[in-house]
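Note sheet for the following structure.
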Amino acid sequence: MAAPVLRSGFPGRRWALAWIDDCSRLRSGSQIGPISNWARRQSSVAQPSLHTAQKPRKGEHKWAAVVGLEIHAQISSNSKLFSGAQVCFAAPPNSLVSYFDASLPGTLPVLNRRCVEAAVMAGLALNCHINKKSLFDRKHYFYSDLPAGYQITQQRLPIATNGHLTYSIYLGKKHSQVTTKTVRIKQIQLEQDSGKSLHDDLRSQTLIDLNRAGIGLLEVVLEPDLCCGEEAALAVRELQLILQALGASQANMAEGQLRVDANISVHHPGEALGVRTEVKNLNSLRFLAKAIDYEIQRQITELENGGEILNETRSFDYKRGCTMPMRDKEGKQDYRFMPEPNLPPLVLYDDTSVPPDADPQQVISIDRLRDMLPELPSATRERLVQQYGMLPEHSFALLNEVGLLEFFQNVIKETRAEPKKVTNWVLNTFLCYLKHQNLAVSESPVTPSALAELLDLLDSKAISSSAAKQVFEELWRGEGKTAAQIVSEQQLELIQDEEALEELCQATIEGHPQVVMDVKKRNPKAINKLVGLVRKASLSRADPALIKEILEKKLSL
């Protein structure tokens with residue numbers, strides 16, 4: 001079977017759909033500008049909180065919930081799946097629409113090589129079987145944002161099947177334990193996105209923007225192995241990190257680059273599965289968890305009150321925190337699936353099956369893409385724990401914020417401080433400042449070099465911990481001063497003259513006889529109070545450990 005020739009999704013390399021034989025033909029594509037800057041902002045703010053299961057509500061102990069997910073990830077490509085039209089977030093309405101996207105008669109699909117490669121890499125990363133031959137189908141439904149009246153997808157024979165995704169859950173009040181769970185992946189398929197409907201309530205009309213129509217999507221179908229909103233959110237978050245690591249998708253939920261449909265049902269353990277409902281277009285992990293948990297409880301309540309669950313599609317109203325009915329759930333027969341007549345089978349190769357005379361630019365090798373796979377999030381977390389001796393939860397925190405791991409590693413390269421201290425400062429101080437001002441790592445006024453210099457001063461005991469926090473606050477103001485300059489200007493250096501420290505300690509002892517008496521009575525808090533008084537007298541420029549040593553010597557402790 002001949003395979004389709006592919007066009008690249010990146011500027012500079014474009015191919016059209018044809019056959020790999022003696023009479024291939026070529027069509028041109030088009031180049032585009034960069035993706036919107038908003039794509040940098042998928043941060044851990046949108047993640048679900050990692051918590052233990054809540055106490056079951058009334059009736060929940062008699063029921064078991066079953067949750068399956070359909071995840072649609074927009075592929076990172078400069079052009080659409082079957083046309084050369086550009087892909088750019090927040091472009092003016094209907095400004096990025098080709099003749100094919102608008103479904104003009106006579107236009108034909110031209111498969112995007114970049115989208116196929118992204119799908120194969122995602123399948124390999126998710127432990128799937130990659131089908132060397134996959135087929136395209138038409139899925140028919142009528143809606144105004146779908147000009148052709150059908151969507152090109154892969155219903156019969158998708159590009160990847162039978163994989164699994166492993167994700168982690170924290171246990172315990174302090175999240176000190178991590179356990180892993182696995183959800184099976186039924187299939188990964190390529191398909192087109194639809195346009196966008198913009199509802200104008202003031203004018204009682206709906207406007208259509210076709211900029212999104214035809215953008216390449218990866219649909220990842222998870223088997224119903226999940227049981228609650230928290231599990232679903234954590235599984236999707238892990239998938240999001242994997243797609244971002246691969247470069248297959250930016251997976252920014254705020255921009256609609258990752259959308260989730262949840263299929264939910266409840267049943268008595270040991271009995272047949274219940275009737276399922278589908279909650280559509282969940283665009284944040286927090287809303288995903290809330291929608292699933294609400295829908296589980298709604299179905300339990302409905303059944304316990306003698307009602308029945310309808311096989312329907314629902315939406316999540318985030319303002320009210322509940323799901324609302326949209327329409328009856330369609331079946332396969334409603335979509336009237338049929339083979340896509342304008343696309344031949346998509347044929348992939350491995351190293352043993354590549355035709356000797358094939359054009360390398362027109363052949364996609366599964367083995368070559370496998371060799372290109374980057375380090376995946378699970379391997380990165382394991383490496384961080386082993387290399388730096390950090391806690392597993394710290395490795396999760398570094399990966400969950402876009403750009404934070406790179407920032408951490410750059411600080412490590414430039415400082416003499418121990419990795420444990422760097423981890424503490426990055427996660428507890430730096431990240432706290434970012435979240436307080438709702439900034440991305442890339443927008444931080446404190447660079448890795450500046451933080452590394454500050455940690456070197458702290459590590460060499462040139463400044464105290466409290467002084468280091470003052471210096472960090474000054475660095476955050478972004479006035480262009482170095483840590484050393486701030487320390488010098490504000491006279492924050494620790495006093496290195498032991499004679500001066502001894503004089504301070506002696507003066508404090510003489511000025512606070514009651515505290516000294518408590519120290520001699522072996523009151524454990526008294527010595528710390530005395531250390532604090534000396535530090536106060538030194539304007540926090542004295543090393544607490546050295547002060548304590550001098551005091552103990554003078555008081556003969």
For the chain, size of Cβ-based charge dipole, Lys and Arg +1, Asp and Glu -1, in debye:
800
Out of all Cα-Cα pairs in segment 70-251, roughly what percent, to the nearest whole number, are more than 19 Å apart?
61
Over the residues of segment 211-273, compute the C-alpha Rg and express it relative to 2.2 N^0.38 Å.
1.38
Mean Cβ neighbour count within 10 Å, used as a protection proxy, ranking 114-125, 390-401, 411-422, 317-328 highest first
114-125, 390-401, 411-422, 317-328
Peptides ranked, highest mean first, by Cβ atoms within 10 Å: ranges 500-512, 191-203, 73-85, 154-166
73-85, 154-166, 500-512, 191-203
Alpha carbon centre of segment 418-482 versus segment 273-348: separation in Å?
46
Compute the long axis of helix 544-554 from its Cα atoms, compare it with the longest principal axis of the Cα atoms of the chain, and write down the angle in degrees, 0 to 90, nearest 10.
20
Mind checking the alpha-carbon convex hull of segment 498-554 and giving the volume per residue in Å³?
67
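By average Cβ neighbour count within 10 Å, what is the ranking of 523-529, 353-359 from highest down?
Details: 523-529: 13.6, 353-359: 10.6.
The densest-packed peptide leads the list: 523-529, 353-359.
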Students often get this wrong, so check it: of Lys421/Lys525; Lys62/Lys280; Lys461/Lys520; Lys139/Lys290; Lys521/Lys554; Lys420/Lys461, which have C-alpha atoms separated by over 22 Å?
Lys421/Lys525; Lys62/Lys280; Lys461/Lys520; Lys139/Lys290
Report, in degrees rounded to the nearest 10, the 0 to 90 angle that the Cα long axis of helix 285-304 makes with the longest principal axis of the chain.
70
Give, in nm to one decimal, the length gained when the segment between Ser449 and Glu375 is fully stretched (0.36 nm per residue of separation minus the Cα-Cα distance).
24.1 nm
Give me the Debye-computed log₁₀ of I(q)/I(0) at q = 0.06, 0.08 Å⁻¹ for the chain, equal point scatterers on Cα only, no solvent, two decimals.
-0.42, -0.68
By how many nm would the segment from Lys196 to Asp334 lengthen if fully extended, with 0.36 nm per residue of separation less the alpha-carbon distance?
47.5 nm
Would you be so kind as to identify which of Ser460, Val446, Gln386 lies farthest towards the positive end of the dipole of segment 378-489, taking Lys and Arg as +1 and Asp and Glu as -1 on Cβ and the Cα centre as origin?
Gln386
In degrees between 0 and 90, to the nearest 10, how far off the longest principal axis of the chain does helix 465-476 point, with axes built from Cα atoms?
50
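How large is the helix-only mean residue ellipticity at 222 nm for the chain, computed as the sum of -39500 (n - 2.57) over DSSP H runs with n ≥ 4, divided by its residue count, in deg cm²/dmol to the nearest 500?
-10000 deg cm²/dmol
Read-outs: derived from the displayed coordinates by stated rules, not from any lab. Only a predicted model underlies this, so the values are computations on that prediction, with no experimental measurement involved. Heads up, the Cβs are rebuilt from the backbone with ideal geometry, glycines too, and the neighbour counts pull from every protein chain shown.
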